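Encoded as structure tokens, the structure appears first; notes follow it.
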């Protein structure tokens, strides 16, 4: 045991530094504008079209008390029939192509689609095509807003949702 403790003491801390956290004022400003523009609840159906789950971890971070997604009136729903927005992550695999189309078709109009992450926006490292991958989400269903990043931080996801809601409001 002492040998292990000496080894740990000699090596020091090997973890990477904590990521930059957006300023609370910046988060509050985006939240305030979301509430002002939205004016009601927004139901989001999250679809993993073949991602590595990095984007899903960041999406789950939106539910923590810092970002307070539920307090803004945004909630995740299990059925696309109850959704106003589809939040799609990952490149679309051949096995998920039909499921994604069916989910899109089942979502009532007017529907919004946000592609989250580099893979959903441009195919990521999987590129376009291949035996198992269809490529980016826009190859399968129309996308309103693309949020790049691998994975995109929660604040960028909030900005993407806000941009989609703004675009819908401007279209009315």
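The values are calculated or read from the model by the stated rules, or taken from the named source; none is laboratory data. Only a predicted model underlies this, so the values are computations on that prediction, with no experimental measurement involved. Don't worry about glycine lacking a Cβ; one is built from the backbone with ideal geometry, like all the others, and counts go over all protein chains shown.
Things worth noting here:
- If you go through the range 52-91 and keep only what is surrounded by 14 or more Cβ atoms within 10 Å (Cβ to Cβ), farther than 23 Å from residue 166 by Cβ and in contact with a helix residue (DSSP H, G or I) (Cβ under 6 Å, 6 or more places away or on another chain), you end up with 90, 91.
- For first residues located in the range 65-79 and outside any loop (DSSP other than H, G, I, E, B), partners that are at pLDDT below 85 and lie 6+ apart or on another chain with Cβ distances below 7 Å form the pairs 72/31; 72/34; 72/35; 75/41.
- Of all positions in the range 27-50, at least one carries a residue that is in contact with a helix residue (DSSP H, G or I) (Cβ under 8 Å, 6 or more places away or on another chain), assigned to a loop (DSSP other than H, G, I, E, B) and either modelled with pLDDT under 90 or under 22 Å from residue 166 (Cβ atoms) (or both).
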